[in-house]
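Novice: What follows is a single structure, and I will ask about it in a moment.
The values are calculated or read from the model by the stated rules, or taken from the named source; none is laboratory data. Note that the coordinates shown come from a computational prediction; the quantities given were computed from them, not determined experimentally. A quick note on method: Cβ atoms are made from the backbone with ideal geometry, for glycine too, and the neighbour counts reach across all protein chains shown.
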Amino acid sequence: MNVLLIGSGGREHALAWVISASPLLSKLYCAPGNGGISELAECIPLPVADHEAVIRFCKENNVDFVIIGPEVPLVAGIVDDLSTAGIKCFGPTKAAAQLEGSKAFTKGLCHAFNIPTGTYGHFTDPDAAKAYLAGQPLPIVIKADGLAAGKGVVIAETRPDAEAAVDACFSGAFGKAGEEVVVEEFLPGEEASVFALVDGTTALVLAAAQDHKRVGDGDTGPNTGGMGAYSPAPVMTAEMVQRTMDEIIRPTVAAMAKRGSPFKGVLYAGLMIKDNEPKLIEYNVRFGDPEMQVLVMRLKSDLLEALLATADGKLEIFDLQWHNDAALTVVMAANGYPGTPQKGTQIKGLAEAAQDANVEIFHAGTKRDGDRLLANGGRVLNVTARGKTVAEAQARAYAAIAKIDWPGGFCRKDIGWRAIAREKTV
Ligand code: AMP
Ligand code: GLY
């Protein structure tokens, strides 16, 4: 079959890598793709926000299946439009994508269906939000309701900071996303993520992972899209994964079906674990980036077949096989990230770095210029490795990084520290 993959990051390179190995695939297109994806797929400069243009491309090129990587097209309703045109897709409809597109929607659903999460208030004007804040303990979390590329969250330690965050949202710091504001209870604990394929009624767990959101070693400095990740996540024991499925993910799937907007695609539950209790922080309606880069290294089954079973509503009779190995990915970012990253610097040494059969280097923001490979984004490379333990995967990833010649970039030196500390005590 012919497949069109939408997106341009490391997540999409990882997807392209596993999909291109599927015996079901005839031809892979990617819009817009990047310098790494272009080795595996035909990259096409389609304007993804123009759904008519995407439909036309699919019809002209006999595309049988469209896989959407990022959240923006999902929340914009690309799946609704492609489905109406008779094109099969992997991803939720616009109504179901509200689970990521509106934090108030998700909080409301959790409270209506007893899904464990923190308490919250939802506001459309600053005075009401500030009045609510006054009665809440600190720290407190202020969020723009809509999509803000991970930037719309402030954890305020003081009331003036909380009020300033409310004002920033309502004064347009996040555009339309901040026209409504959610104020929520700060949940302490250890963060982890669980990914599940959902076909409208059945949820099939993929795996758990942890990422490192802060830019600096020791989890310090500003938040980023993610500086590295690993799987499995030691805090997510088999029992904790089971509880997450039973108490959080399956009730959500049932609630969405009951409300007439069944969820199809991948549900990514961002969790906080404390005293052996999982609570939902947020949902995403797409694979994690860079979490997907580690999941594909552990997956034995054909992912394309699994994504098709999801779209066809056939997960009930589907099974997924995993390698027992751990996997870890280190993000190499361009100097300046997460502020203004320096673009256009040259990267060398990737072929040598990727020689170890247990290492894959996914491109997150690169472009080719003749024979040269150039940085073209904030997060640029995801150096990913497999190992018997997280520690072994980490050693392989950093050994590969040592061979990469890129003075224009940097990475954290401690990805996986929490898991490795746990492995040492076992
Ligand atoms: P989000 O964009 O919702 O993923 O939030 C970004 C990060 O802020 C999360 O990964 C958490 O580390 C943190 N965060 C968000 N909401 C909460 C909360 N209610 N309690 C504690 N930390 C939170
Ligand atoms: N790594 C965080 C995310 O994909 O949202």
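Novice: Going by what's in this entry, would E316 be described as in a helix (DSSP H, G or I), over 15 Å from H13 (Cβ atoms) and either modelled with pLDDT under 95 or within 16 Å of ligand 2 (Cβ to nearest atom) (or both)?
Specialist: yes
Novice: Residues that are under 21 Å from the mean Cα position of the chain (by Cα), crowded, with 20+ Cβ neighbours inside 10 Å and charged (D, E, K, R): does the range 301-315 have at least one?
Specialist: So far as the range 301-315 goes, no, none of its residues is under 21 Å from the mean Cα position of the chain (by Cα), crowded, with 20+ Cβ neighbours inside 10 Å and charged (D, E, K, R).
Novice: Restrict the check to the range 187-195 and report whether at least one residue is within 16 Å of ligand 2 (Cβ to nearest atom), crowded, with 22+ Cβ neighbours inside 10 Å and not small (G, A, S).
Specialist: yes
Novice: Of the residues that sit in the range 113-136 and are among the hydroxyl-bearing types (S, T, Y) and either crowded, with 17+ Cβ neighbours inside 10 Å or not in a loop (DSSP other than H, G, I, E, B) (or both), which one is farthest from the chain's Cα centre (by Cα)?
Specialist: In this case the residue turns out to be Y132.
Novice: Quick one: A196 ticks every box in (1) within 13 Å of ligand 1 (Cβ to nearest atom); (2) under 16 Å from the mean Cα position of the chain (by Cα) bar one, so which box is it?
Specialist: Unmet condition: (1).
Novice: Here is a follow-up. Determine, yes or no, whether I248 is in contact (Cβ under 8 Å) with a residue 12 or more places away in the chain, within 14 Å of ligand 1 (Cβ to nearest atom), more than 13 Å from the chain's Cα centre (by Cα) and farther than 27 Å from A129 by Cα.
Specialist: Spelling it out, it is not the case that I248 is in contact (Cβ under 8 Å) with a residue 12 or more places away in the chain, within 14 Å of ligand 1 (Cβ to nearest atom), more than 13 Å from the chain's Cα centre (by Cα) and farther than 27 Å from A129 by Cα.
Novice: Within the range 262-280, track down each residue that is within 11 Å of ligand 2 (Cβ to nearest atom) and surrounded by fewer than 18 Cβ atoms within 10 Å (Cβ to Cβ).
Specialist: G270
Novice: Now for a different question. For the range 320-415, please list each of the strands (runs of 3 or more DSSP E) lying entirely inside it that holds at least 1 residues being free of Cβ contacts under 8 Å to residues at least 60 places away in the same chain and of a type outside the set (D, E, K, R).
Specialist: 359-363, 372-375, 379-387
Novice: Just give me the residues in the range 391-426 being modelled with pLDDT under 95 and either farther than 20 Å from N324 by Cα or not basic (K, R) (or both), in sequence order.
Specialist: W417, A419, I420, A421, E423, T425, V426
Novice: For the range 187-205, which residues satisfy the criterion of being under 30 Å from A129 (Cβ atoms) and assigned to a strand (DSSP E or B)?
Specialist: Passing the criteria: E190, E191, A192, S193.
Novice: Hey, among the residues in the range 216-228 that are away from ligand 1 (no atom under 12 Å from the Cβ) and in contact with a Gly (Cβ under 9 Å, 6 or more places away or on another chain), which one's farthest from A421 (Cα to Cα)?
Specialist: Within the range 216-228, the match that is farthest from A421 (Cα to Cα) is M227.
Novice: Answer yes or no: is there a residue in the range 137-151 that is within 22 Å of N2 (Cα to Cα), of a type in the set (A, V, I, L, M) and assigned to a strand (DSSP E or B).
Specialist: The answer is no, given that none of the residues of the range 137-151 is within 22 Å of N2 (Cα to Cα), of a type in the set (A, V, I, L, M) and assigned to a strand (DSSP E or B).
Novice: Could you check how many residues of the range 254-291 are away from ligand 1 (no atom under 15 Å from the Cβ), small (G, A, S) and assigned to a loop (DSSP other than H, G, I, E, B)?
Specialist: 2
Novice: Return yes when E184 is charged (D, E, K, R), within 10 Å of ligand 1 (Cβ to nearest atom) and assigned to a strand (DSSP E or B) and no when it is not.
Specialist: So E184 fits the description; yes.
Novice: Take the conditions charged (D, E, K, R), crowded, with 18+ Cβ neighbours inside 10 Å and away from ligand 2 (no atom under 16 Å from the Cβ) and apply them to E179. Does it pass?
Specialist: no
Novice: Could you please find all residues in the range 198-237 being away from ligand 2 (no atom under 12 Å from the Cβ), over 21 Å from P92 (Cα atoms), crowded, with 16+ Cβ neighbours inside 10 Å and of a type in the set (V, I, T)?
Specialist: Those that are away from ligand 2 (no atom under 12 Å from the Cβ), over 21 Å from P92 (Cα atoms), crowded, with 16+ Cβ neighbours inside 10 Å and of a type in the set (V, I, T): V215, V235.
Novice: Taking the residues in the range 147-173 that are within 23 Å of L99 (Cβ to Cβ) and modelled with pLDDT under 85 as candidates, determine which candidate is nearest to ligand 1 (Cβ to nearest atom).
Specialist: Checked the range 147-173; the qualifying residue nearest to ligand 1 (Cβ to nearest atom) is G150.
Novice: For the range 206-220, indicate whether the set of residues that are among the β-branched types (V, I, T), under 28 Å from I78 (Cα atoms) and assigned to a strand (DSSP E or B) is non-empty.
Specialist: No, the conditions are met nowhere in the range 206-220.
Novice: Of the residues that sit in the range 91-112 and are assigned to a helix (DSSP H, G or I) and basic (K, R), which one is farthest from the chain's Cα centre (by Cα)?
Specialist: Per the stated criteria, the residue is K107.
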